[in-house]
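Laboratory data are not the source of any read-out in this text; all were calculated from the coordinates shown. Please read all numbers here as calculations on a predicted model, not as lab measurements. For neighbour counting, all protein chains shown are included, and Cβ atoms are generated from backbone atoms with ideal geometry for every residue, glycine included.
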Amino acid sequence: MSLKKSASQIKKYRILVIDDEPDIAASIRSTLEKNYDINTLISPANALDDFKAGRFDLVLLDYKMPNVNGFQLYRYLKRIDPRLKICFMTAYEIFESQQEKEEFEKLSPPVNANCIIKKPFTTQDLLEKIQHLLSS
């Protein structure tokens, strides 16, 4: 009896990317789709409509989006799937105001500071961050 797993038996992690910039979402998809099962959403409203518990292992979530910010979406997704791992992505300083800093600190469950990816990022940085998050 062989202990080797075939490619079809190896779990392929499922990652959801939510970013309102289509080029960034497409770039992340093309970077990750070889190693992961990737879904991308450009509209946070679609995430609000379509998200189901247990569907994804990790969400890469843009912090600054129109209509719904990343913190609001984080709370919503965590209510549906408390075990979901979520990592924020941002091209900005994550805390542009004291109010944003306080909002971040009040997130429940708390967000680990390691779950912030600063744009622009290299492919290697992104892959290492994802591997670390999925293995923790």
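For segment 45-99, the residue among 91, 74, 53 whose Cα projects farthest onto the positive side of the dipole built from Cβ charges is 53.
Taking label points 7 Å from Cα along the Cα-to-Cβ direction, residue 103 and residue 49 give a separation of 2.4 nm. Counting only aspartates and glutamates at least 8 places from residue 101 when in the same chain, those with an alpha carbon closer than 12 Å to its own are 93.
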